[in-house]
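Just below is one structure, and these are the notes that go with it.
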Amino acid sequence: MQFPIPYIPSTSYKGGNGFGASRELVRHGLMHAANDLAAPPGTPVLAMDIGVVIGGPYQFFRETLALEIKHPHFIARYCEIAPNTEVRLGDSVKEGQVIAYVGDQPGQDMLHIEFFRGNRTGDLSFSPGTHPPFDRRDDVFDGASILDSSRNTAEHFEGVDNWRYVTDADGRIFLDPKIDLRDI
C-alpha cells in the first residue's frame, strides 16, 4: 500500500484535519469525512493500490476536482486536486502511479482523501444537510489506519518540489525512486 503523496506532512491528518473532526463553522452538526494531507499545489498524488477509476475527474470544491478509485479493499476519493489529472474514468491504475496533483485554492492546500468500504453503491456524497453527520454514503470510514500503515512508503522530504518522473511501458507516470542530493 502506497502513501498517497510522496512524503508525510508535518501537519497531522488526524485531529482537526482528520475524520470526524467538527465542521460546526460550516454547518451545525457537520463532521469531517476525510483525512487531509497538507501539501502545496502541484504535489503529485499517488494511487494507494492497484485499481480502476470509477468516477471523475469532476468538480469538487473551490475550483478543485475529485477522482474516485476502486482499490481491492476500499474506494478512495482523492479530492481537492488540480484539473490536470493523469487518469480518467475507466483507467486502470498501479500502486504508486501519479494520478493527479494537489490543487490550488484559497486557504490551506491539501489532498483531501475520503475512504469508503465499497459495500454500498451510488453517489458518495449527499446534498448538504440531508445525510448527517458527514453528508456522505454510509460506508465512509476513517482512513487513518490505512495511512499509518503506508507511511513507510513515503520516499521524499516535505518541501521538495522538483519532482522527477519516469514512465512505464504502458505510459503510466511514476515518481523517480532514485533520491539524489537535490532531495536532501
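The values are calculated or read from the model by the stated rules, or taken from the named source; none is laboratory data. All of these numbers come straight from a predicted model, not from anything done at the bench. Counting neighbours? That spans all protein chains shown, and the Cβs are built from the backbone with ideal geometry, glycine included.
For the range 140-167, the set of residues classified as part of a loop (DSSP other than H, G, I, E, B) and at pLDDT 95 or above consists of 142, 143, 150, listed by residue number. Scanning the range 128-158 for residues that are in contact (Cβ under 8 Å) with a residue 40 or more places away in the chain and of a type in the set (Lys, Arg) returns 136, 151.
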